[in-house]
Amino acid sequence: MSRQPTWDAAVSLQAQMFDVTADIGGLDVQLAYFRGLGEFKASPWVGDPTTLGKAMSGVQVRGGHTQICRALRHAITEARSKPVQALVYVGDCVEEAADDVCAAAGELGLLGTRAFMFQEGHERQAEMTFREVARLTGGAFARFDANAGNQLRELLRAVAVYAAGGRKALSGHSARSSRAVQQLTHQVR
């Protein structure tokens, strides 16, 4: 339930991920989410903001424990069937064993998928786990404030640029972006 304001912001920002990648090959996105008691769902891959926006608008946030391992395992399955450049995870806590989350992250990293772990808030265990997931996959960690909609927008746009055009495109994008995006870029291997 703590995710509702961030979810609402993401719904309104998602179209910009497609806009920023139009000149470098476009973007396909799969929405995956968990909620409640063991519920996990993933949309088909979509290449346009209208379809993704409809899928996101149909999701209602519900309470429940994190299922980060399940989300990572889903990404592993997807990456085995076709290349997945990036996974974006936005959260504020970890309610699973960090070792289990990191084991799944290591497997995802071996498949070449970078995890971009965005933390809302300052929960210490979440930060340590998110940083380790990012490191294991060659991705990046960033923290944002719930009131910093512009920062989340910039971070999501940067990941979209990476997913569509790789490290080189991200470096070019970063040169004209905020310090948060530049810090994110320096972490990506």
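The values are calculated or read from the model by the stated rules, or taken from the named source; none is laboratory data. All values reported here derive from a predicted model rather than from experimental measurement. Every residue, glycine among them, receives a Cβ derived from its backbone with ideal geometry; neighbour counts consider all protein chains shown. Keep in mind that these areas ignore ligands, DNA and RNA; they rest on the heavy atoms of the full protein, side chains included. Shrake-Rupley method; radii C 1.70, N 1.55, O 1.52, S 1.80 Å.
The set of residues in the range 29-58 being assigned to a loop (DSSP other than H, G, I, E, B), of a type outside the set (S, T, N, Q) and either in contact with a Lys or Arg (Cβ under 8 Å, 6 or more places away or on another chain) or surrounded by 17 or more Cβ atoms within 10 Å (Cβ to Cβ) (or both) consists of Leu31, Gly36. Residue-level analysis places Thr77 outside the set of residues that are part of a helix (DSSP H, G or I), surrounded by 15 or more Cβ atoms within 10 Å (Cβ to Cβ) and not aromatic (Phe, Trp, Tyr). Tallying residues that are under 14 Å from Val101 (Cβ atoms) and open to solvent by less than 50 Å² (accessible area, probe 1.4 Å) within the range 112-135 yields 9.
Residues checked against (1) in contact with a strand residue (DSSP E or B) (Cβ under 9 Å, 6 or more places away or on another chain); (2) open to solvent by 70 Å² or more (accessible area, probe 1.4 Å); (3) touching a residue at least 12 places away in the same chain (Cβ under 8 Å):
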site: Ala142; (1), (2), (3): yes, no, yes
site: Gln151; (1), (2), (3): yes, no, yes
site: Ala158; (1), (2), (3): yes, no, yes
site: Val161; (1), (2), (3): no, no, yes
site: Leu170; (1), (2), (3): no, no, yes
site: Ser174; (1), (2), (3): no, no, yes
site: Ser178; (1), (2), (3): no, no, yes
site: Arg189; (1), (2), (3): yes, yes, yes
